[in-house]
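Here is the structure we will look at.
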Amino acid sequence: MTRRTGIPIPRSAPAAVAGLLSAALLLAGCGAGGRDDDGEDGASASDTGVTADTITIGAHFPLTGVAAPGYSEIPTGVQAYFDYVNANGGVHGRQIEYLVKDDGYNPTNTSKVTNELVLQDEIFAMVGGLGTPTHSAVVDFLNGEGVPDLFVSSGSLMWGDDVEARPMTFGWQPDYEIEGKIIGQYVAENMPDARVGLFLQDDDFGEDAEQGVRRYLDDQIVEVQRYTSGSTDVGPQIAGLQAAKADLVLSFNTPSYTALSQLVALKLGYDPKWFYSNVGSDPGLVGALLSQISEGAVKGGAAALDGVLTTEYIPGVDAPDNPWVQLWQKVWDEHGDKGELTNYRVYGMSHAYAFVQALQEAGVDLTREGLVEALESGSQELEGPQLAPFRFTEDSHMGISGMQVVELKGGVGDPLTPVLVSDIGDAEITEDTSGQADDAPPESGIPE
């Protein structure tokens, strides 16, 4: 997107989209989902969750609770895009049935609803399950059951760096380590005298990001503070950063904690430069949370994060002229539920698009193993709104390979770097030369 979930938020790229409606009608008339020329389905039941007419998939999201703001919008974007595809023939003649269950961002609940999806609902695949602490509770179960576990809504290294241990799991967004590396390099090159403090979620999110940051900023870090997800008292952590005289704070946290950290800093009279990870930097959501939590004492709105640095890896609603955002707006207008198109809905549509591509590549005789093999063999060529290519191979299931650094101004990301790509470990950071950021969607709005 680029804005986030641990996640995610989007941004810009060039070109224009034309003829979406006429192409969609043409595809529908031809049976775009993969029907034979004579109009008969070429599909048949081929694996768990697959019939001649349907593919049933599932996901867990925090539809209620502390993490619901923003994140609960992601599956509404996913559903809108699947409805759009289904209205135009589905995939190889099959309709996508999407089951979403609420885990409240509680790992115990995640285990419960995932068991239901796999053992009772018999889903073909888990797609986009959200959260580092939550999905960690079910990743081994899904792999043990042989369920494709695609495009986890989290940037933990766990989803892609150990294919032998988790052969069915794939990341989607850039992992937190490469985000930490790109942020660390930017600060080292442009703010070499900054006294750097780290504000981290106390799990793989924070640990992976810190690992990346320290490759470039180890000598500049003066303080590290961690918070436990679920605790709303971050006063001691922000006070600790202030006491250490950190004048630049790199924060790897979810949106609620962006709002909380800003409010506590205001109360303490602490005014460092803030650099929030993509996950926690959605201007509209954070602005609304600031106003809500402060009971109106702090003015909300997209300008609430003006001057904040962050990253982005897909175009979002701040780029209405981007052809991908125009497509998402069309999809939302035709198939969306109540409310407006948001960066979280854009995030959901973006990974739904990738899933449809994977289904197409896997072919008519759809199997779980075939889906995994399709991603491993050709995903680096996958189209999509992502600014940098995927990294899927037989040896790596890591997701998008890069992002750019931006500064928020009036809710819009002003690019400070080109799209930068890297990989985990000591892989160098380079400027992306793939041209991925210049890709526009097909006229139909459906992967070809």
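The values are calculated or read from the model by the stated rules, or taken from the named source; none is laboratory data. Nothing here was measured: the structure is a model prediction, and the numbers come from that model. All Cβ positions, even for glycine, are placed from backbone atoms using ideal geometry, and neighbour counts span all protein chains on display. These area figures cover heavy atoms from the full protein model, side chains too; ligands, DNA and RNA do not enter into them. Shrake-Rupley method; radii C 1.70, N 1.55, O 1.52, S 1.80 Å.
Remarks
- In this structure, the amide hydrogen of T311, modeled 1.01 Å from its nitrogen in the peptide plane, lies closer than 5 angstrom to those of N278, V406, counting only residues at least 5 positions away or on a different chain.
- Close amide H partners of S229, meaning residues 5 or more places away or on another chain with modelled amide H under 5 Å apart, are D202.
- Degrees between helix 176-190 axis and first principal axis of the chain (Cα, 0 to 90, nearest 10): 40 degrees
- Here the Karplus relation 6.51 cos²θ - 1.76 cosθ + 1.60, evaluated at θ = phi - 60°, turns the backbone of the range 395-412 into coupling constants of 9, 9, 10, 6, x, 4, 8, x, 6, 10, 8, 9, 10, 7, 9, x, x, 10 Hz, with x for every Gly and Pro.
- If the chain linking A68 and S294 were pulled fully straight, counting 0.36 nm for each residue of separation and taking away their Cα-Cα distance, it would gain 79.5 nm.
- Calculated Rg and Dmax of the Cα atoms in Å (choose from (i) 21.0, 73; (ii) 31.8, 97; (iii) 22.1, 72), label: (i)
- When the chain is treated as a GNM with alpha-carbon contacts under 10 Å, the residue of D432, D337, D83 showing the greatest mean-square fluctuation is D337.
- In order along the range 346-354, phi translates into HN-Hα couplings of 4, 4, x, 4, 5, 7, 5, 4, 4 Hz, rounded to whole numbers, per the Karplus curve 6.51 cos²θ - 1.76 cosθ + 1.60 with θ = phi - 60° and x for Gly and Pro.
- Backbone N under 20 Å from the S231 label point (7 Å along Cα→Cβ), restricted to the range 190-207: 197-207
- A cut-off under 9 angstrom between Cβ atoms defines the neighbours of K112, and their net charge, with Lys, Arg +1 and Asp, Glu -1, is -1.
- Adding -39500 (n - 2.57) for every DSSP H run of four residues or longer, then dividing by how many residues the chain holds, sets the calculated 222 nm ellipticity at -10500 deg cm²/dmol.
- A straight chain from D306 to K338 at 0.36 nm per residue would run longer than the Cα-Cα distance by 8.7 nm.
- Net charge contributed by nearby residues that have their C-beta within less than 12 Å of T56 (K/R +1, D/E -1): -4
- Solvent-accessible area, 1.4 Å probe, carbon plus sulfur percent, for the range 206-344: 46 percent
- Taking amide H as placed 1.01 Å from N in the peptide plane, the amide H of K273 sits under 5 Å from that of L248, V249, each at least 5 places away or on another chain.
- The range 398-448-the range 321-374 distance, computed between alpha-carbon centres (Å): 18 Å
- C-alpha long axis of helix 368-378 to longest principal axis of the chain, angle in °: 70 degrees
- 3J(HN,Hα) from dihedral phi, the range 143-153, Karplus parametrisation 6.51/-1.76/1.60, rounded to Hz, x for glycine, proline: 5, x, 8, x, 8, x, 10, 9, 6, 4, 7
- Reach of K245 by Cα under 21 Å, taken over lysines that are not fewer than 8 positions away in the same chain: K267, K273
- The range 403-443 - percent of accessible surface contributed by carbon and sulfur, probe 1.4 Å: 44 percent
- Between L263, L327, L309, the GNM of the chain built on Cα springs shorter than 10 angstrom shows L263 fluctuating the most.
- Rolling a 1.4 Å probe across the protein heavy atoms gives the range 93-166 an accessible surface of 33 Å² per residue.
- Build a GNM of the chain with springs between Cα atoms under 10 Å apart, and of S294, S153, S251 the one that fluctuates most is S294.
- Beta bridge orientation in the chain: antiparallel %, DSSP, nearest 5: 35 percent
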